[in-house]
Amino acid sequence: MGLVAGIWLILLGVLGAADIIIAKKPDAKELIAKMAPYQGWFGAVSAIWGVWIIISSVLSLSWLATWPVRWALYLGTGVVCAGLGLLFGIGVLKSFIKNEQAQAKMDETVAKVMPIRSKLGIAGIAIGLASIIVGFLNI
């Protein structure tokens, strides 16, 4: 995890919580608009990486005994990356998947996750900051 994952998650969280951020700071609209053209690929990579992290965190349950905070952040990173990544990368991911049933299932999943997009964005920012801090403190 660490610095790279934390920064990636913060950027993904900013895209997810863009409506809340722009409502509070209208100046941020320009910066967020610069990231918007890349959100499809950003999301596709995040979705795949998030699923990988979820699987890896389940396989690393032994961390709970020694590093419970680090494990919880690891799992949280995976869940938020997978959720927001699917929302933003659905178009790119569907271009690689030709099975119509799989595409329909992806659309269903996106419909379920869309109402909590802003909450996932805020969680992404928080988990990203926490990952950076935990990485520096080495706890």
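The values are calculated or read from the model by the stated rules, or taken from the named source; none is laboratory data. From a predicted model like this one, the values you see are computed outputs, not experimental measurements. Glycine gets a Cβ as well: all are built from the backbone with ideal geometry, and neighbour counts include every protein chain shown. For accessibility, only protein heavy atoms count, side chains too; no ligands or nucleic acids. Shrake-Rupley method; radii C 1.70, N 1.55, O 1.52, S 1.80 Å.
Given all pairs of different Cα atoms, what value in angstroms does the Kirkwood hydrodynamic radius of the chain take?
Numbers: mean 1/r = 0.0649 Å⁻¹.
For the chain, inverting the mean 1/r across all distinct Cα pairs yields 15.4 Å.
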Problem set entry | Ala72 versus Leu129: modelled label distance in nm, points set 7 Å from Cα along the beta carbon direction | 1.7 nm
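If the chain between Ala36 and Val58 were fully stretched, how many nm would it gain, using 0.36 nm times the residue separation less the Cα-Cα distance? Write out the running numbers ahead of the final one.
Working: separation 22, 0.36 × 22 = 7.92 nm, distance 3.21 nm.
Result for the pair: 4.7 nm of gain on full extension.
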Exercise. Ignoring ligands, DNA and RNA, what percent of the accessible area of the chain is carbon or sulfur (1.4 Å)?
Worked result: 71 percent
For this session: Return the calculated 222 nm mean residue ellipticity for the chain, to the nearest 500 deg cm²/dmol, obtained by summing -39500 (n - 2.57) across DSSP H runs with n ≥ 4 and dividing by the residue count.
Result: -28000 deg cm²/dmol
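Write down the Å³ per residue value for the convex hull defined by the alpha carbon atoms of the range 65-134.
Values: hull volume 7.4 nm³, N = 70.
Given the Cα convex hull of the range 65-134, per-residue volume reads 106 Å³.
Enumerate lysine pairs in the chain that are 8 or more residues apart or on different chains, then count those whose Cα atoms are under 21 Å apart.
Numbers: Lys24/Lys34; Lys24/Lys119; Lys25/Lys34; Lys25/Lys119; Lys29/Lys119; Lys94/Lys105; Lys94/Lys112.
Taking the Cα cut-off of 21 Å, the pair count is 7.
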Seminar exercise, completed: Averaged per residue, the 1.4 Å probe accessible area of the chain, protein heavy atoms only, in Å², is roughly 59 Å²
For this session: Take peptides 104-113, 22-31, 80-89 and line them up by average Cβ neighbours within 10 Å, highest first, as a rough protection proxy.
Result: 80-89, 104-113, 22-31
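Could you work out the percent of alpha carbon pairs in the range 57-103 separated by over 14 Å, rounded to a whole number?
Numbers: 661 of 1081 pairs.
Tail fraction, whole percent: 61.
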